[in-house]
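A short write-up of the structure that comes next.
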Amino acid sequence: MSWLDYLVIVVYIGGFLWLGQRLKAHASGTQYFLGDRSFGWFVLSLSAAATQLSSASFISAPAFVGAKAAGGLVWLTYEFAVPLAMIFLIVAFFPTLYGAGVVSIYAFLEQRFARSTRLLLSAVFQLSRAFATRVC
């Protein structure tokens with residue numbers, strides 16, 4: 001990489017750090033994650049579903065289906081199941097989470113059970129994602 005590439009990277013990172021520092025005092029977690037509760041639970045759930053079903057999913061799924069030896073159709077069934085799972089989650093969990101006024105499932109678990117429950121499940125999630133990333 002040339003010095004110009006490094007300059008672009010430094011300016012990009014610096015710009016985002018500056019922007020975050022400038023805007024951090026203007027929004028709470030509820031304002032940022034829940035739109036200051038000006039939207040209903042269904043609109044927010046569609047945002048979460050869109051995040052899960054990103055363009056990377058649509059680009060990478062055919063590659064896994066076509067390139068995975070002796071298992072491509074199994075992967076394809078997982079990809080078809082994601083929208084169905086999102087519909088289930090939207091209907092089953094989002095109204096409860098929205099009504100509880102929390103910004104994440106971990107905040108709900110802390111509110112419902114205890115801080116130790118939130119910390120334990122957060123750690124389990126982080127470890128499972130780390131191992132899943134390593135396997136793929």
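Each reported figure results from applying straightforward, stated rules to the coordinates on display, with no laboratory input. Since we're looking at a predicted model, the values are computed, not measured. FYI the Cβ positions are ideal-geometry reconstructions off the backbone, even for glycines, and counts take in every protein chain you see.
Using the Karplus relation 6.51 cos²θ - 1.76 cosθ + 1.60 with θ = phi - 60°, the per-residue 3J(HN,Hα) values for region 31-47 come to 5, 6, 7, 10, x, 6, 6, 8, 10, x, 5, 5, 5, 5, 5, 5, 5 Hz, with x marking Gly and Pro.
The HN-Hα couplings worked out from phi for region 74-89 by the Karplus form 6.51 cos²θ - 1.76 cosθ + 1.60 (θ = phi - 60°) are 5, 4, 4, 5, 5, 5, 6, 7, 4, x, 5, 5, 5, 4, 4, 5 Hz, whole numbers, x standing for Gly and Pro.
Calculated FRET efficiency, residue 87 to residue 112, Cβ-Cβ distance, R0 = 25 Å: about 0.55 to the nearest 0.05.
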